[in-house]
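Below you'll find the structure, written out as structure tokens, and then a few comments.
The values are calculated or read from the model by the stated rules, or taken from the named source; none is laboratory data. Treat the numbers as computed from the prediction; the structure is a model and nothing was measured. Cβ placement follows ideal geometry from the backbone for every residue including glycine, while neighbour counts extend to all protein chains displayed.
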Amino acid sequence: MGPRDTVFVVFSVLALASCSFQASCGGKKLDHKKGEAELARRLEEAGGVPAKVTCPAAKLEKGVVIECTTEMAGVPGKVKVTQTDDQGNVAFEMSAGYAFSSKLEQHISKQFKQRTGQDGTVDCGARVRAAVAGTRFACTARGPSGDTLTLEVTLTDAAGGFELEAVAPSAPVDPGP
């Protein structure tokens with residue numbers, strides 16, 4: 001990547017697909033505790049940090065929509081849960097999602113390897129951020145020889161789209177004795 005390269009990538013930081021959880025035995029209510037556990041598991045798997053999810057109780061009925069609140073590393077989020085039938089099957093959609101540094105770092109590392117043929121390391125700082133369009137932060141890419149490149153990341157949408165711009169190549173870092 002040259003210092004003036006700009007790369008635009010549409011990158012979904014979190015895609016929660018449909019899943020099913022069972023209705024509770026005590027009546028016609030959605031088992032929201034089981035749904036909370038499933039959502040938390042999926043968020044943790046995607047972001048690499050623990051997630052807390054809270055969903056309201058809801059009757060078991062096709063088309064019912066609830067909004068669950070989430071929290072990862074102190075960052076709040078929201079998930080829209082739509083019941084797709086009256087058996088407890090639901091579809092999830094992030095309405096206020098997250099940008100995960102681990103996913104972005106993987107993408108930048110892969111792009112670096114494709115362009116240079118070398119492995120590098122990337123650090124984008126905070127592990128979890130709210131996916132809010134216009135949010136800007138820096139990532140640092142380091143090649144095997146110690147050369148570093150600062151990349152400015154701008155989130156372009158709530159789904160995790162982003163732009164990358166190389167802003168400052170640096171001299172090799174002296175590894176010391």
Identify all residues within the range 142-158 that are in a strand (DSSP E or B) and either surrounded by fewer than 17 Cβ atoms within 10 Å (Cβ to Cβ) or in contact (Cβ under 8 Å) with a residue 40 or more places away in the chain (or both); write none if there are none.
Leu149, Thr150, Leu151, Glu152, Val153, Thr154, Leu155
Does the range 27-49 hold any residues that are touching a helix residue (DSSP H, G or I) at 6+ places or on another chain (Cβ under 9 Å) and outside any helix (DSSP H, G or I), and which are they?
Gly48, Val49
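Looking at the structure I just gave you, is Ala126 assigned to a loop (DSSP other than H, G, I, E, B), surrounded by fewer than 16 Cβ atoms within 10 Å (Cβ to Cβ) and within 18 Å of the chain's Cα centre (by Cα)?
Spelling it out, Ala126 is indeed assigned to a loop (DSSP other than H, G, I, E, B), surrounded by fewer than 16 Cβ atoms within 10 Å (Cβ to Cβ) and within 18 Å of the chain's Cα centre (by Cα).
Could you name every one of the strands (runs of 3 or more DSSP E) located completely within the range 50-117 that has at least 1 residues being touching a residue at least 40 places away in the same chain (Cβ under 8 Å), of a type outside the set (S, T, N, Q) and buried (at least 19 other Cβ atoms within 10 Å of the Cβ)?
65-72, 75-83, 89-96, 98-100
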Given the conditions (1) more than 22 Å from Phe100 (Cβ to Cβ); (2) at pLDDT 90 or above, and given that Ala37 satisfies all but one, which numbered condition is not satisfied?
(1)
